[in-house]
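Novice: My questions all concern the structure below.
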Amino acid sequence: MNRTWFLALAAVFAFQFSTGVQAGDADPLFAEDGLLSVTLEGPLRALSRDRDVDPERRPGVLRYVDGEGVEQTLAIELEPRGQSRRDRDVCTFPPLWVHFDRDAVKDTLFHKQNRLKMVTYCRSPKSFQDYVVKEYLTYRIFNLLTDASFRVRLLSVSFQEAGARSDPTIRYGFFIEHKKRLGKRLDLKVREPETRIPPASLDPAQAALAELFQYLVSNTDFSFIAPPADDTCCHNAVLFGEKGEEAAAGGATYLPIPYDFDRTGLVNPPNGQPAEELGQRSFRDRVYRGFCREPGYLDAALEKTREARTDIEALIRAQEGLSDRSRDQALKFIDGYYAIIDDDRRRDRALRCRSMN
């Protein structure tokens with residue numbers, strides 16, 4: 001067996017170990033993919049005006065109909081979150097943290113939830129719903145590639161101002177699995193290094209797949225090795241590691257799992273700026289930001305995306321809430337990725353890796 005074949009085979013085994021994580025069962029909220037209709041009632045105007053660095057948590061109510069057809073009412077607290085999307089020039093309504101009383105939600109659809117990120121509609125025009133659904137769809141595509149990914153649940157949300165008689169605003173949104181619940185599902189622990197980490201400390205198979213996925217959806221707004229200013233590592237990604245204090249020591253292997261896909265080419269939002277310093281003229285200009293590793297890791301990741309092509313396209317075609325125009329654009333954009341990776345010359349030119357040094 002020559003060295004190239006040996007490395008490729010070794011990478012496949014490593015790939016199966018890390019990205020084929022023996023994941024446990026998802027929490028009830030994320031065990032199904034069907035659209036969940038909820039009513040969110042609270043001081044929405046106050047939430048949208050709160051731009052403080054340390055925003056206030058405000059009381060609210062979440063209602064939904066359970067599997068038995070019974071309406072459930074849960075007392076919650078609502079808190080605006082995010083950075084760019086809390087800028088009023090970007091969004092008129094912010095994404096939210098929804099806080100639950102864990103004892104009160106026991107044996108409900110929200111069993112074991114303490115707090116959840118809710119992605120919301122950003123701006124009122126219904127055209128903005130497509131951007132929410134496409135970001136949800138981006139998470140679902142990564143779910144097809146690996147269980148080591150954040151689960152999401154699509155919502156039809158009736159936003160109701162507390163005490164108001166006006167009709168609610170009904171828009172799409174989605175919940176994102178909490179990182180600690182994801183860690184529980186993977187039997188791993190969240191790791192938050194305070195400084196930049198060496199690329200070699202990333203699990204090579206998971207990192208290769210995640211980097212290629214970011215290229216597939218055309219995302220440059222991430223870092224698996226460096227934290228944003230005044231924060232812990234990493235940017236739009238969570239690192240996971242083995243449990244136990246010894247696993248957190250130097251030389252640890254981190255499993256990177258990305259999130260936050262609002263500025264991808266697949267979503268193609270109307271706000272924000274592409275990474276011009278990386279040569280992007282628009283969000284749809286793909287830029288590969290993967291690190292150089294033994295070639296078998298990237299080869300295995302490429303094969304994984306090839307195997308998933310039919311499922312990815314079927315997912316897009318079946319996704320409710322997308323306009324026909326957005327659906328066609330998404331399919332064409334995904335086809336563009338496969339046109340590149342299935343052409344040896346274009347693939348080699350496009351997937352030029354970054355040095356680990």
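Novice: Measuring from the lowest to the highest alpha carbon on each principal axis, how far does region 28-182 reach, largest first, in angstroms?
Specialist: For region 28-182, the Cα extents along the three principal axes come out at 36, 33, 29 Å.
Novice: OK, next. Fully extended, how many nm does the chain gain between THR169 and THR73 (0.36 nm per residue separation, minus their Cα-Cα distance)?
Specialist: 32.7 nm
Novice: Order the peptides 154-162, 27-35 from the highest to the lowest mean number of other Cβ atoms within 10 Å of their residues. Each step should come with its number before you reach the end.
Specialist: Working: 154-162: 18.7, 27-35: 15.0.
Packing order, densest peptide first, comes out as 154-162, 27-35.
Novice: If you find the alpha carbon centre of region 247-324 and of region 342-356, how far apart are they in angstrom?
Specialist: When both Cα centres are located, 15 Å separates them.
Novice: Return the aspartates and glutamates within reach of LYS189: Cα separation strictly under 13 angstrom, same-chain partners fewer than 8 residues apart disregarded; answer none if there are no such residues.
Specialist: GLU242, GLU245, GLU246
Novice: Looking at the chain, do any whole DSSP H helices span at least 15 angstrom along their long axis by alpha carbon and average -0.5 or above on Kyte-Doolittle, and which?
Specialist: For the chain, where a helix must reach 15 Å along its axis and average at least -0.5, the hits are 3-18, 129-145, 204-217, 324-341.
Novice: Related question: For a quick protection proxy, order the peptides 258-267, 189-198 by their average other-Cβ count within 10 Å, most packed first.
Specialist: In descending order of packing, they fall as 258-267, 189-198.
Novice: While we're on this one: Past the 18 Å Cα-Cα mark, which pairs from LYS184/LYS304; LYS112/LYS179; LYS179/LYS243; LYS134/LYS332; LYS112/LYS134?
Specialist: Violating the 18 Å limit, Cα to Cα: LYS184/LYS304; LYS112/LYS134.
Novice: Same structure again: Specify which residue in the list LEU109, ALA308, HIS178 is farthest towards the positive end of the charge dipole of the chain, using unit charges on the beta carbon of Lys, Arg (+1) and Asp, Glu (-1), about the Cα centre.
Specialist: Of the options given, the answer is ALA308.
Novice: Mind checking which of ARG325, ARG171, ARG49 has the largest fluctuation in a GNM of the chain, springs on alpha carbons under 10 Å?
Specialist: ARG325
Read the figures in this text as sums done on the coordinates, not as results from a lab. Just so it is clear, the model here is predicted, and its values are computed rather than measured. Heads up, the Cβs are rebuilt from the backbone with ideal geometry, glycines too, and the neighbour counts pull from every protein chain shown.
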